[in-house]
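Note sheet for the following structure.
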Amino acid sequence: MYTIYRHYRGMLYMCVGTAVHSESLEPHEVYRCLYDNEVGRTWVRPQAMFHEKIANGDDRFTPVGRFRRAAPREEAEIISFGFDVWGEGKTLQEYVAQSLAVGREQRAERFMFEGLDGRRLSKVNVLRFADGLVGFASLATRPQERGQGYGSIVLRAAMEMARLENADTRFLLFSEVKPEIYERLGFHVLDDTVQRFKPSLAMATGSLPLSPDELVFLENYF
């Protein structure tokens, strides 16, 4: 479980652990940017400073929620977030059952962003294709909570989680919304030769063309 914080200047960060200074033994918070930062992705700050108040009395970092893996008992609820968009005439029970079956077939891991009160707000399926190659599917936000950026938070957090394991991880997804939403997160629309489900668009991060192995995963899992 990772806590998401908002800096007083507005940017979001994910706290990924604590560290102890080898000389002073002072505890430090270790955190990742949930935005593109050319200087660096991983930062450390003395714990006392991280949690202190600034001159005007505001918190330097304010917790806004948590990113974590969904427990099995929570899966039906978070799957239901996409029912109004992808239900396609099914009952909610049928939709959830089908989504659970597809997720198991794809070996998807479901992660979610929840509020500090435990209310589950958004979710995404994470598909670990290979070392350095991760796919995302079924990104959805609770209908009553849409428009507040929770989908971007859960996706950004999932990307940083993967980059903790492999900094050069490439990401794949299919966009059923305006691609600009994902372009802001570093994705780009792939060449027409791999587009099989228009108007949904295959997108990826990284500047190099997809390798033959990456194309196989794209074709088999999407």
**Complete:** By residue number, the members of the range 132-190 that are on the phi > 0 side of the Ramachandran plot and either basic (Lys, Arg) or under 13 Å from the mean Cα position of the chain (by Cα) (or both) are Ser138, Gly149, Gly186
**Phe83 vs. criteria surrounded by 14 or more Cβ atoms within 10 Å (Cβ to Cβ), outside the structural domain of Tyr182 (by TED's automatic domain parsing) and either modelled with pLDDT of 95 or more or not acidic (Asp, Glu) (or both)** = no
**Identity of the residue in the range 22-68, touching a residue at least 40 places away in the same chain (Cβ under 8 Å) and of a type in the set (Val, Ile, Thr), that ends up nearest to Leu185 (Cα to Cα)** = Val64
**Request:** Considering (1) under 21 Å from the mean Cα position of the chain (by Cα); (2) modelled with pLDDT of 95 or more, say which one Arg60 fails and leave the rest.
**Result:** (1)
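Take the residues of the range 50-80 that are part of a helix (DSSP H, G or I) and touching a helix residue (DSSP H, G or I) at 6+ places or on another chain (Cβ under 8 Å): which is surrounded by the most Cβ atoms within 10 Å (Cβ to Cβ)?
Residues of the range 50-80 part of a helix (DSSP H, G or I): 50, 72-80.
Remaining after also requiring touching a helix residue (DSSP H, G or I) at 6+ places or on another chain (Cβ under 8 Å): 75-76, 79-80.
On the way: Glu75: 17, Ala76: 16, Ile79: 24, Ser80: 19.
Checked the range 50-80; the qualifying residue surrounded by the most Cβ atoms within 10 Å (Cβ to Cβ) is Ile79.
In the range 1-20, what residues are part of a loop (DSSP other than H, G, I, E, B) and either free of Cβ contacts under 8 Å to residues at least 24 places away in the same chain or surrounded by 15 or more Cβ atoms within 10 Å (Cβ to Cβ) (or both)? So that I can check it myself, show each step before the final result.
Restricting attention to the range 1-20, the residues satisfying the condition of being part of a loop (DSSP other than H, G, I, E, B) are 1, 8-11.
Within the range 1-20, Arg9, Gly10 qualify.
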**Asked** In the range 86-101, what residues are among the hydrophobic types (A, V, I, L, M, F, W, C) and either surrounded by 13 or more Cβ atoms within 10 Å (Cβ to Cβ) or not assigned by TED's automatic domain parsing to the domain that holds Ala137 (or both)?
**Response** Trp86, Leu92, Val96, Ala97, Leu100
**Asked** When the residues of the range 197-219 are filtered to those that are touching a residue at least 24 places away in the same chain (Cβ under 8 Å) and assigned to a loop (DSSP other than H, G, I, E, B), which remaining residue is nearest to the chain's Cα centre (by Cα)?
**Response** Thr205
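The values are calculated or read from the model by the stated rules, or taken from the named source; none is laboratory data. Predicted, not measured: the structure shown is a model, and the values here were computed from it. Note that we place each Cβ from the backbone using ideal geometry, even for glycine, and neighbour counts take in every protein chain shown.
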